[in-house]
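Each remark here refers to the structure printed beneath this line.
Please treat every number below as a calculation from the coordinates, not as lab data. Please read these numbers as outputs of a predicted model, since none were measured by experiment. In this analysis, Cβ positions are derived from the backbone assuming ideal geometry, glycine residues included, and neighbour counts consider all displayed protein chains.
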Ligand code: GAR
């Protein structure tokens, strides 16, 4: 069984999707062993506690810079013997000391169809504000491996969601979570734990790509 460590910063609905998926037996070959939060009081911590999952808080505000924070995260990941690290609404870009230590073993869920509306400064509600500002008719979510550049690692799964004329950033965010993120994140985690993702020439390939 692979040790899955989930990193969170906020509400934790993606963490909840993982917990529910695990409870239904849909995460094969792995188990969530720890949740690490960058914020004290994040509701995601309650979700983990309710599911009996150990939690660790490493507050970003306690560290002077990105490097010292990333080193603290790396130490904890090593202590937890993480096989897979899942960024589920984790709002901090980590230094390459973490990404280089876990090549193709960190995955992130991003609330847009990469390469649209991604990179530094595109997180949470801002992503949906930008999509509506541009006027795209389709957005969605992407699960990808994390490398040294923000939102630039190999894409694992994507799922489109239609944009409605009356969407607000909040309604679009919610629909993308429900219809895309909460489905493709647990699916990608299971695929990873089942060794069903292969990487060739910097691209990720999934054995079974017939996603709904
Ligand atoms: C989710 O929409 C996630 O994709 C996004 O923040 C939200 C967190 O919600 N993540 C990013 O923007 C990272 N770049 P959650 O805490 O309820 O899972």
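log₁₀ I(q)/I(0) of the stretch 57-121 at q = 0.27 Å⁻¹, via Debye over equal Cα point scatterers, no solvent, to two decimals? Evaluating at q = 0.27 Å⁻¹ gives log10 I(q)/I(0) of -1.36.
Remark: the residue 1-residue 78 segment gains 26.1 nm on full extension, using 0.36 nm per residue and subtracting the alpha carbon distance. The Kirkwood radius of the stretch 106-157, taken over pairs of alpha-carbon atoms, gives through the Stokes-Einstein law at 4 °C and 1.567 mPa s a diffusion coefficient of 118 µm² s⁻¹. Once you place label points 7 Å from the Cα toward the Cβ at residue 149 and residue 91, how far apart are they in nm? With each label placed 7 Å out from Cα toward Cβ, I get 2.6 nm. When shorter helices are ignored and each DSSP H run of at least 4 residues is given -39500 (n - 2.57), the per-residue value for the chain at 222 nm works out to -9000 deg cm²/dmol. Counted over the chain, the DSSP beta bridges are approximately 45% antiparallel. Rounded, prolate or oblate: which fits the chain when a ≥ b ≥ c are the square roots of the eigenvalues of the alpha-carbon gyration tensor, with rounded for a/c under 1.5 and prolate only if a/b beats b/c? It is rounded, given that a/c, with a ≥ b ≥ c, falls under 1.5. When 148, 78 are arranged by Cβ crowding within 10 Å, least crowded first, meaning fewest neighbours, the order is 78, 148. As a proxy for reagent exposure, 125, 185 were ordered by neighbouring Cβ count within 10 angstrom, fewest first; the result is 125, 185. The Cα trace of the stretch 98-212 gives Rg and Dmax of 14.1, 44 Å, the first to one decimal, the second as a whole number. Neighbour counts of C-beta atoms inside 10 Å place 142, 55 in the sequence 55, 142, starting with the fewest. For the stretch 1-92, the fraction of C-alpha pairs farther apart than 20 angstrom is 30 percent.
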